[in-house]
Amino acid sequence: MYEDNVPNDEYRVGYVSQIEPRIVKVLDNFEEWLTLFWKQDDEDERTYPVFYVLFPSYDERLEILYDWFD
């Protein structure tokens with residue numbers, strides 16, 4: 001995503017569906033994304049995509065990614 005006139009270059013981070021051209025989640029800025037990334041990394045030896053942190057259950061991810069079937 002690109003936005004003009006963003007103070008301090010605090011651009012929002014958007015997650016786009018892999019199936020259709022729509023945004024499924026927007027974070028306020030890259031720092032919020034980094035916070036989620038590092039938080040989940042500290043809790044477990046395994047690492048997970050931030051998308052999985054935002055939508056932890058399989059059902060939540062399916063709903064976000066495939067709700068266009070309805």
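The values are calculated or read from the model by the stated rules, or taken from the named source; none is laboratory data. Being a predicted model, the structure only gives us computed values, none of them experimental. Note that each Cβ is placed from the backbone with ideal geometry, even for glycine, and that neighbours are counted across all protein chains shown. Heads up: the accessible areas ignore ligands, DNA and RNA and are worked out on the full protein's heavy atoms, side chains in. Shrake-Rupley method; radii C 1.70, N 1.55, O 1.52, S 1.80 Å.
Pairs meeting the criteria (first residue in the stretch 23-38 and under 16 Å from Pro49 (Cβ atoms) and open to solvent by less than 60 Å² (accessible area, probe 1.4 Å), second residue of a type in the set (Ser, Thr, Tyr) and not in a helix (DSSP H, G or I), beta carbons under 9 Å, at least 6 apart or on different chains) are Val24/Tyr15; Val24/Ser17; Leu27/Tyr15. Considered as a group, the residues in the stretch 1-14 that are modelled with pLDDT of 80 or more and open to solvent by 40 Å² or more (accessible area, probe 1.4 Å) include one that is farthest from Tyr66 (Cα to Cα), and that residue is Tyr11. Looking across the stretch 50-70, the residues that are loosely packed, with under 12 Cβ neighbours inside 10 Å and at pLDDT below 85 come down to Trp68, Phe69, Asp70.
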